[in-house]
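Everything on this sheet refers to the single structure shown next.
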Amino acid sequence: MKVRISEAAAQDLSGGYWCYERQSAGLGDCFVDSVLTDIRSLRLYAGIHVLHFKYHRLLTRRFPFAAYYRVESDLVRVYAVLDCR
């Protein structure tokens with residue numbers, strides 16, 4: 001299964017990167033790597049997450065963020081990566 005990240009979700013990731021990078025140098029890279037690893041796991045686990053407003057919600061492991069996605073045949077589209085705080 002393929003995973004595609006929308007432009008809006010990429011902008012969300014960028015915003016999270018800069019938020020954490022301002023806190024500590026290198027933390028932004030750690031954030032992006034961690035969230036992308038969780039998103040890549042959707043290749044295997046897409047569709048098992050709870051539905052919220054017609055989107056599946058993947059809670060990330062290390063940071064308080066959630067990725068909202070939909071499964072479209074053999075494609076997973078990530079529409080948003082939002083801060084849960």
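The values are calculated or read from the model by the stated rules, or taken from the named source; none is laboratory data. Worth saying up front: this structure is predicted, and the values here are computed from it rather than measured. With ideal geometry, Cβ positions are generated from the backbone for all residues, glycine too; neighbour counts draw on all protein chains shown. What goes into the accessible areas is simple: the full protein's heavy atoms, side chains included, and nothing from ligands, DNA or RNA. Shrake-Rupley method; radii C 1.70, N 1.55, O 1.52, S 1.80 Å.
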query = For residue 34, are the conditions met, namely being open to solvent by less than 80 Å² (accessible area, probe 1.4 Å), touching a residue at least 24 places away in the same chain (Cβ under 8 Å) and hydroxyl-bearing (Ser, Thr, Tyr)?
reply = yes
task = Kindly indicate the residue of region 73-85 that is in contact with a Phe, Trp or Tyr (Cβ under 7 Å, 6 or more places away or on another chain) and of a type outside the set (A, V, I, L, M, F, W, C) and also most open to solvent (accessible area, probe 1.4 Å) among those meeting that condition.
result = 77
Among the residues listed as 70, 43, 22, 4, the single one being charged (D, E, K, R), assigned to a helix (DSSP H, G or I), open to solvent by 70 Å² or more (accessible area, probe 1.4 Å) and touching a strand residue (DSSP E or B) at 6+ places or on another chain (Cβ under 9 Å) = 43
remark   = Counted residues in region 54-67 being touching a strand residue (DSSP E or B) at 6+ places or on another chain (Cβ under 8 Å), assigned to a loop (DSSP other than H, G, I, E, B) and open to solvent by 80 Å² or more (accessible area, probe 1.4 Å) come to 1
Total residues in region 7-19, condition touching a residue at least 60 places away in the same chain (Cβ under 8 Å) and crowded, with 16+ Cβ neighbours inside 10 Å = 4
